[in-house]
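Below is one structure, written out as structure tokens; the observations come after it.
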Amino acid sequence: MDEDDTNTLLIMRHAEAAGGVPDAERRLTPRGAQQAEQMAAWLAGRVEQGELAGLRLLASPYRRAQQTAQAVGRALNVTVETLGLITPEDDPREVNEWLLAQPERRTWLLVSHMPLVGELSGLMLEGRLGCGPGFSPAAIAELKADVWASGCATLAGFFQPELR
């Protein structure tokens, strides 16, 4: 498969957040803000090298995911779009269906939460739930596929702020 014909999906867990209720209003900690900025700078470096062209940035409506995505959006000079179906409680199969319905080939960055990020990764890579990787705060899994059918993606990389 030609690199230009490959879809890229970056699945990112939000950066470290403080506890509290309601869950949807939890904010990033100072460390979390630093993690988000670190990963944003790393992604910006990749864009400068000609990677991740046409990136579309989508985030859960929860505050911590929005804050993480805003850091990335500023670094990449892209707008953050809210996608309501990527909250912690959402079904990864619905996200898979949403990806399949998208008409254009592009690079996607979804900023979401555990357990969704792990479950979605497992579904895309292995074709089943319950087998995805654990994500530390602000970690990113990079998946490649020619079509977003479950089980058809390959893991191109797994990146964590501690290792950047």
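The values are calculated or read from the model by the stated rules, or taken from the named source; none is laboratory data. What you are looking at is a predicted structure, and each value in this text was computed from that prediction instead of being measured. For neighbour counting, all protein chains shown are included, and Cβ atoms are generated from backbone atoms with ideal geometry for every residue, glycine included.
Below are the figures for this structure:
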| item | result |
| --- | --- |
| Selected residue (only one of Ala44, Ala145, Ala138, Ala75 is touching a Ser or Thr at 6+ places or on another chain (Cβ under 8 Å) and at pLDDT 95 or above) | Ala138 |
| Inter-residue pairs, beta-carbon under 8 Å, first closer than 23 Å to Trp98 by Cβ and in contact (Cβ under 8 Å) with a residue 60 or more places away in the chain and in region 141-164, second small (Gly, Ala, Ser) and part of a loop (DSSP other than H, G, I, E, B), 6+ apart | Leu143/Ala153; Lys144/Ala153; Ala145/Ala153 |
| Val80 among the aliphatic types (A, V, I, L, M), in contact with a strand residue (DSSP E or B) (Cβ under 6 Å, 6 or more places away or on another chain), modelled with pLDDT of 95 or more and crowded, with 16+ Cβ neighbours inside 10 Å | yes |
| Failed item in (1) crowded, with 17+ Cβ neighbours inside 10 Å; (2) of a type in the set (D, E, K, R); (3) under 19 Å from Arg106 (Cβ atoms), with Arg56 passing the rest | (1) |
| Region 88-122: number of residues that are assigned to a loop (DSSP other than H, G, I, E, B) and touching a residue at least 60 places away in the same chain (Cβ under 8 Å) | 5 |
| Number of positions in region 1-51 that are hydrophobic (A, V, I, L, M, F, W, C), assigned to a loop (DSSP other than H, G, I, E, B) and surrounded by fewer than 17 Cβ atoms within 10 Å (Cβ to Cβ) | 3 |
| Any hit, region 96-113, residues being at pLDDT 95 or above, in contact with a Pro (Cβ under 7 Å, 6 or more places away or on another chain), surrounded by 14 or more Cβ atoms within 10 Å (Cβ to Cβ) and at positive phi | no |
